[in-house]
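Worksheet: one structure, shown below.
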Amino acid sequence: MTKMHSISIIAKRVSPESREEAQQIISSLTYKNDTSVFLTDDWQLSWLASLPTLPDIVLFYTEGKHHGDPAPVGYTLLGTRAIKPYLPFQVSLVNQSGHTKSDQVWVEFNDIICPDTMKHGCIKALTALVFKRYRNLQLTVSMCHKTAPWEQVCQQNNITYSTLVTQAYRHKLPGAKQDIETQLYNALSANSRQQMRRTQRAITSTFGHITLTEAKHSEQRDYFSALSPLHILKWGGTDEGSGFQNPYFVAHHTHLISQSPDRVALIKVTAGSTLLGYAYYLKDERNIYFYCAGVNEEIATNKVKPGHVLHFLAMAHFAAQGYEAYDFMAGDFRYKKSLSNEGYTMATLTLVNPSWLSRLIDKSWSGIKKALHAVTRKATTPP
């Protein structure tokens, strides 16, 4: 229980018996988040529709004198992950299921879904709920942008925590009535500006006029499908793999596109009859968020950078529509840095259960992992 401005917040955990029940609970809540695409009903309901195993829902209530049951002031989805299958200890996760494939859609700008004025109280109520069980060794909130309320709760309640910071980038867009392309060029460094003009000239002279087309609602599924093989070609061989190889990832975005077409945007960029690539975006009223792309790598050279041109044209396209920022989000990639004019950070916070038994178990497990890692390194190091 947490007191904030004479208001007490309590957390109640609900385990939905069906996907329909989970979706009904979220749809019925009166508070709607408008600060993160990833915390909207559109995103959360599409995610629930794709999951093989449902997470719990933690509902936050104000506690006091009410006529009847009070309405929830916020919520979060809460998944769990065992630290090892044969051990009874687990990690709880904010807005994640705990299953790698189900969570590949990832959540950035992650947080509890509640009014800012109640954030501190809701976080404290959540930590009290989760850490009431000593077997819940940790609570993780991944890719959080506004970490101060979480850190304050930890500091005030003797909760040890760690943060893993990730760099993110965005481009603050010029106004729609300005000379957009000139403004975009001027926002780039001299070197990036020179490279952009060079690659545009090379592409135009080789393949023809460059054109960007945004999918109509009826075309969005087709663009998404066309993006898939290009993305798999680029990322399919990595450790995580392409999301398009993951049926849960595909199901989530297919549902989102079908049920909330105004929440997404898909574009195609061509030069003459040659495809440069497709890109997929999430959006709110002010910002456009780059989610993923499929680029024609077969034509890429030192002088021809189809991905750079795709992003530059997309920035001009969305600036003309009145969007204020083109957000590349997290990922310290060179192309994001070179095409952005502002950096910021997100952080994954890991909170450790403050009970003496949980801390002892967590510390012991950390020591075991370090020892196993050292043994593995020694075994694999050549003489």
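The values are calculated or read from the model by the stated rules, or taken from the named source; none is laboratory data. Here the structure is a predicted model, which means the values were calculated and not measured. All Cβ positions, even for glycine, are placed from backbone atoms using ideal geometry, and neighbour counts span all protein chains on display. Side chains included, ligands, DNA and RNA excluded: accessible areas come from the protein's heavy atoms. Shrake-Rupley method; radii C 1.70, N 1.55, O 1.52, S 1.80 Å.
With unit charges on the beta carbons (Lys and Arg positive, Asp and Glu negative) and the dipole taken about the Cα centre of segment 139-198, which residue among Ser189, Thr140, Thr160 sits farthest to the positive side?
Among Ser189, Thr140, Thr160, the one farthest towards the positive end of the dipole of segment 139-198 is Ser189.
Nothing charged except the Cβ atoms of Lys and Arg (+1) and of Asp and Glu (-1): what's the magnitude of the dipole of the chain about its Cα centre? Round to the nearest 20 debye. Don't jump to the answer; show the numbers that get you there.
Numbers: 40 positive and 31 negative charges, 274 e Å.
Computed about the Cα centre, the dipole is about 1320 debye.
Report, please, the projected area of segment 71-162 averaged over directions, based on the convex hull of its C-alpha atoms, in nm². Don't jump to the answer; show the numbers that get you there.
Details: hull surface 26.5 nm².
The Cα convex hull of segment 71-162, projected and averaged over all directions, gives 6.6 nm².
Give me the mean projected area, in nm² to one decimal, of the convex hull enclosing the Cα positions of segment 200-339.
On the way: hull surface 34.6 nm².
Reported value for the Cα convex hull: 8.6 nm².
Between segment 146-187 and segment 244-274, what's the alpha-carbon centroid distance in Å?
So the separation of the two Cα centres works out to 25 Å.
With each run of n ≥ 4 DSSP H residues scored as -39500 (n - 2.57), what mean residue ellipticity at 222 nm is computed for the chain after dividing by its residue count and rounding to the nearest 500 deg cm²/dmol?
Working: 11 runs with 142 residues, N = 383.
Computed ellipticity for the chain at 222 nm equals -11500 deg cm²/dmol.
Glu298 versus Ser8, label points 7 Å from Cα toward the beta carbon: distance in nm?
6.8
In segment 106-186, what trypsin sites (Lys or Arg not before Pro) fall in a loop by DSSP, with at most 16 other Cβ atoms inside 10 Å? Walk me through the numbers before you get to the answer.
On the way: sites: Lys119, Lys124, Lys132, Arg133, Arg135, Lys146, Arg170, Lys172, Lys177; in loops: Lys132, Arg133, Arg135, Lys146, Lys177.
Those satisfying the criteria are Lys132, Arg133, Arg135, Lys146, Lys177.
Would you mind telling me the share, in percent, of accessible area of segment 155-221 contributed by carbon and sulfur at probe 1.4 angstrom? Could the numbers behind the result be given before it?
Working: 1860 of 4220 Å².
Summing carbon and sulfur atoms, their accessible area is 44 percent of the total for segment 155-221.
Could you sort His209, His308 by their accessible area in this structure, using a 1.4 Å probe and putting the largest first?
Greatest to least solvent exposure: His209, His308.
Treat each spin label as a single point 7 Å out from the Cα along the C-beta direction, and report the Glu285 to Thr80 distance in nm.
Output for this residue pair reads 4.0 nm.
Dipole of segment 101-163, Cα-centred, from +1 at each Lys and Arg C-beta and -1 at each Asp and Glu C-beta, to the nearest 20 debye? Write down the numbers at each step before the final one.
Numbers: 7 positive and 5 negative charges, 69 e Å.
Charge dipole of segment 101-163: 340 debye, to the nearest 20.
Among the GluC sites (Glu not before Pro) within segment 243-335, which fall in a DSSP loop and have no more than 10 other Cβ atoms within 10 Å of their own Cβ? If you can, show how the numbers build up before the last one.
Details: sites: Glu285, Glu297, Glu298, Glu324; in loops: Glu285, Glu324.
In loop regions of segment 243-335 (DSSP not H, G, I, E or B), the sparsely surrounded GluC sites (Glu not before Pro) are Glu285.
Output the antiparallel fraction of DSSP beta bridges having both residues in the chain, as a percent to the nearest 5.
Working: 61 of 68 bridges.
Close to 90 percent.
Residues with beta-carbon under 13 Å from that of His311, excluding His311: net charge, scoring Lys, Arg +1 and Asp, Glu -1? The partial results should precede the final answer.
Values: positive: Arg170, Lys305, Arg334, Lys336, Lys337; negative: Asp327.
Net charge in that neighbourhood comes out at +4.
Order the peptides 312-322, 103-113 from the highest to the lowest mean number of other Cβ atoms within 10 Å of their residues. Mind showing how you got there, number by number?
Working: 312-322: 19.9, 103-113: 21.7.
Packing proxy ranking, top to bottom: 103-113, 312-322.
Once the piece of chain linking Ser18 and Ser355 is laid out straight, how much longer is it, given 0.36 nm per residue of separation minus the C-alpha distance between them? Working shown, then result.
Details: separation 337, 0.36 × 337 = 121.32 nm, distance 3.34 nm.
Stretched fully, the Ser18-Ser355 segment lengthens by 118.0 nm.
Loop-only check: which trypsin sites (Lys or Arg not before Pro) in segment 65-118 are DSSP coil with at most 11 other Cβ within 10 angstrom? It would help to have the intermediate numbers written out before the result.
Values: sites: Lys65, Arg81, Lys101; in loops: Lys65, Lys101.
Answer in residue order: Lys65.
Assuming a viscosity of 0.890 mPa s and a temperature of 25 °C, what translational diffusion coefficient in µm² per second does Stokes-Einstein assign to the chain, Rh being the Kirkwood radius over Cα pairs?
Working: Rh = 23.0 Å.
Translational diffusion coefficient: 107 µm²/s.
Tell me, what is a quarter of the convex hull surface for the C-alpha atoms of segment 113-266, in nm² with one decimal?
Working: hull surface 61.2 nm².
Averaging across all directions leaves 15.3 nm² for the Cα convex hull.
List, in the order given, every pair from Lys12/Lys84; Lys124/Lys146; Lys32/Lys216; Lys101/Lys336; Lys32/Lys124 whose Cα-Cα distance in the structure shown is over 24 Å. Could you put the intermediate results ahead of the total?
Numbers: Lys12/Lys84 27 Å; Lys124/Lys146 16 Å; Lys32/Lys216 27 Å; Lys101/Lys336 26 Å; Lys32/Lys124 21 Å.
Correct reply: Lys12/Lys84; Lys32/Lys216; Lys101/Lys336.
Kindly write out, for segment 275-284 in residue order, the coupling ³J(HN,Hα) from the Karplus curve 6.51 cos²θ - 1.76 cosθ + 1.60 (θ = phi - 60°), rounded to whole Hz, with x marking Gly and Pro.
Rounded to whole hertz, the list is 6, 8, x, 10, 9, 10, 10, 9, 8, 10.
State in Å² the accessible area per residue of the chain; use a 1.4 Å probe, count heavy atoms of protein chains only, and round to the nearest integer.
Working: 19030 Å² over 383 residues.
Roughly 50 Å² per residue, with all protein chains present.
To test your reading of the geometry: what angle, between 0 and 90 degrees and rounded to tens, separates the Cα axis of helix 306-320 from the longest principal axis of the chain?
Compared with the principal axis, the helix lies near 80 degrees.
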